[in-house]
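The values are calculated or read from the model by the stated rules, or taken from the named source; none is laboratory data. Bear in mind the structure is a predicted one, so any value in this text is a computation, not a measurement. Cβ coordinates were reconstructed from backbone atoms using ideal geometry, including for glycine residues, and neighbour counts include every protein chain displayed.
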């Protein structure tokens, strides 16, 4: 196992260098897809050979972002996505990034404590969790969707007070639309409006910036409607 782990670590380090040196913006559509697939395969192979927990966290974080890029190469508009099961690459993004966060919560290094590291993963997870909760809501009831989202809130608690716009909006919406507790719903809508968007890290130009902005605007609109109600 030690020999395999050493091979995995070497492949991991090599892939990190290759990814760093690669300028995806300079590639055409076909070449970009090929290079993304090669990097993904290299990280997957490294994980199979065996990595330390910190290497696993980094590898899965990079994998999640590469799958995200792969989805954008396919020209899928995020605004049109209603069900992640129709988008396997988004599902892999969700799986890899969520696993990275879970491993990080169990690690002594906790790299996700750094805002620059958070900005690469949490905004994507935020939107993917929100979309997935919508599917849960349709298949089940509000309680199941709320339970799903609160599991994600709990997952991030080790990082301190982090409030994300998309899942906060969904929690607020589920509470208000189901009339379970409009007061609590309004509070979550307020949290969405004031939520972390990492604009100071991404300069507002990341692929998730428009998504976060839309959810914040929706939360503000809903807040104006519900803020006058009392329960």
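Take the conditions at pLDDT below 90 and in a helix (DSSP H, G or I) and apply them to residue 225. Does it pass?
Numbers: at pLDDT below 90: yes; in a helix (DSSP H, G or I): yes.
Yes, satisfied.
Pick out the one residue from 204, 160, 172 that is on the phi > 0 side of the Ramachandran plot and modelled with pLDDT of 90 or more.
160
Does residue 196 fit the bill of being surrounded by fewer than 13 Cβ atoms within 10 Å (Cβ to Cβ) and part of a loop (DSSP other than H, G, I, E, B)?
no
A quick yes/no check of all residues on (1) outside the structural domain of residue 51 (by TED's automatic domain parsing); (2) at pLDDT 80 or above:
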{"position": "72", "(1), (2)": "no, no"}
{"position": "81", "(1), (2)": "no, no"}
{"position": "84", "(1), (2)": "no, no"}
{"position": "90", "(1), (2)": "no, yes"}
{"position": "95", "(1), (2)": "no, yes"}
{"position": "98", "(1), (2)": "no, yes"}
{"position": "104", "(1), (2)": "no, yes"}
{"position": "107", "(1), (2)": "no, yes"}
{"position": "123", "(1), (2)": "yes, yes"}
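Condition test on residue 133, is it at pLDDT 90 or above and either in the same structural domain as residue 69 (by TED's automatic domain parsing) or buried (at least 20 other Cβ atoms within 10 Å of the Cβ) (or both)?
Yes; evaluated as a whole, the condition is true for this residue.
Out of 219, 144, I need the residue that is more than 18 Å from the chain's Cα centre (by Cα) and surrounded by fewer than 16 Cβ atoms within 10 Å (Cβ to Cβ). Which one?
Just one listed residue meets the conditions, 144.
Could you count how many residues in region 177-208 are touching a residue at least 40 places away in the same chain (Cβ under 8 Å) and under 16 Å from residue 127 (Cβ atoms)?
7
Run residue 207 past the list (1) more than 22 Å from residue 85 (Cα to Cα); (2) in contact with a helix residue (DSSP H, G or I) (Cβ under 7 Å, 6 or more places away or on another chain); (3) surrounded by fewer than 20 Cβ atoms within 10 Å (Cβ to Cβ) and report the number of the one that doesn't hold.
Just one mismatch for residue 207, condition (1).
Residue check: is residue 151 assigned to a helix (DSSP H, G or I) and touching a residue at least 12 places away in the same chain (Cβ under 8 Å)?
In short, no.
Only one of these is touching a helix residue (DSSP H, G or I) at 6+ places or on another chain (Cβ under 8 Å) and not in a helix (DSSP H, G or I): 162, 131, 171. Name it.
Checking each option against the conditions leaves just 162.
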